[in-house]
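Since the structure comes first, as structure tokens, the remarks are kept for the end.
The values are calculated or read from the model by the stated rules, or taken from the named source; none is laboratory data. What you are looking at is a predicted structure, and each value in this text was computed from that prediction instead of being measured. SASA here: full protein model, heavy atoms, side chains in, ligands and nucleic acids out. Shrake-Rupley method; radii C 1.70, N 1.55, O 1.52, S 1.80 Å.
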Amino acid sequence: PVVNRMPASWAAQQSQPWTDDASGVFDGFEESKIRGTGRSTSGLASMIIVYSGKGGVGKTTTSVQLAEIAAEAGLRVILIDGNSGQGDLRTCLRLNQSDLPTIYDAAVGEPRTAVLTPDMINAERNQALGTVKFAFVSAPPEELEEDVVTNDVYKKVIAYARRNADLVILDTQIIEARDRTGVVDGLIIPALVHDAWGVGVAEMSNVGVNNLNSRLRLLISKGVPADRLMTLINKVPTEQAEDAARAGAMMRSKSTYLGIGMFDDSIRNDMNAGRVTVSPTLAGPLNAALLRV
């Protein structure tokens, strides 16, 4: 039997009125003038959780590319780094040497203080790297105490983000077979059970595909609707394209299969350089995900 393990507090926390809402997150941002296009029936921004069952599959790249594609289309997007133990998005966006706030500031203050507007982000970046069009919430610096940034802090920031954007994207940690941190059962699964969408990423290896299949079974067993789960296979070498398509077919009964992203050195090079660009090889599957949401 399917067991719904969503705490009753999740839905209430996401919809309760707050006094710190500020449409100013996107004030003066030209792309923000398209309003409401990504919102759910509840009036909140839709939410996508990007996850994997193995490291090195391009999960963070997928999150950044999703945010960029949606922002390019005119949506107000907030990207949240949910990997509090190893938050790499700050480095990917070339903000690791800045003094900009992180989600730690929301733990000791208000949720709004953790949201970096596009203007704040671009002021800290080398202009040669291009303009970032989405807002961002950084994971806490490694030197700060991990137990300060709890699941409840993330829930408050997510709730704030969903009231002030059209789309919220949460880049998560690897979902392991055993939930050692409590993030999966305390944050990821409740959100997916309630109304979030999931994009699971694997690469073309037995471990990558099998682990993602296993995590799909886990999520569904906890009450996550299969029709809100999506999957893609990333970093596929040209000679393995047909094998990847067959592997993807294994996931169709448990998710919406988006397709494959071919191996592309330019994606890695751009991420390493701090450039936020849309990869042609990932654009198809990721546009399909956004259109579905």
* Structure fact -> Extension length gain for residue 243 and residue 181 (0.36 nm per residue less Cα distance), in nm, is 18.9 nm
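Take 163, 112 and sort them by solvent-accessible surface of the protein heavy atoms, 1.4 Å probe, largest at the top.
Numbers: 163 45, 112 105 Å².
In descending accessible area the options line up as 112, 163.
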* Round to the nearest 10 and report in Å² the accessible area of residue 94, as given by a 1.4 Å probe over the protein chains' heavy atoms. => 80 Å²
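At a threshold of 8 angstrom on Cα-Cα distance, excluding pairs fewer than six apart, so keeping six or more, what relative contact order does segment 159-293 reach in percent?
Value for segment 159-293: 20 percent.
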* Structure fact -> Among 133/155; 155/235; 54/222; 133/254; 133/222; 156/222, the pairs whose Cα-Cα distance exceeds 26 Å are 155/235; 133/254; 133/222
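May I ask you to compute the full-extension gain from residue 253 to residue 110, defined as 0.36 nm times their residue separation minus their alpha-carbon distance, rounded to one decimal in nm?
Values: separation 143, 0.36 × 143 = 51.48 nm, distance 4.18 nm.
Extending this stretch completely gives an extra 47.3 nm.
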* Just read off the accessible area of residue 176 with the full protein assembly in place, 1.4 Å probe, to the nearest 10 Å². => 90 Å²
* Heavy-atom surface of segment 136-293, accessible at 1.4 Å and reported per residue (Å²) -> 41 Å²
* To do: Keeping all protein chains in position, work out how much accessible area residue 227 exposes to a 1.4 Å probe, and write it in Å² to the nearest 10.
  => 90 Å²
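Report the full-extension gain for the segment residue 142 to residue 218: residue separation times 0.36 nm, less the Cα-Cα distance, to one decimal in nm.
Roughly 24.4 nm would be gained on extension.
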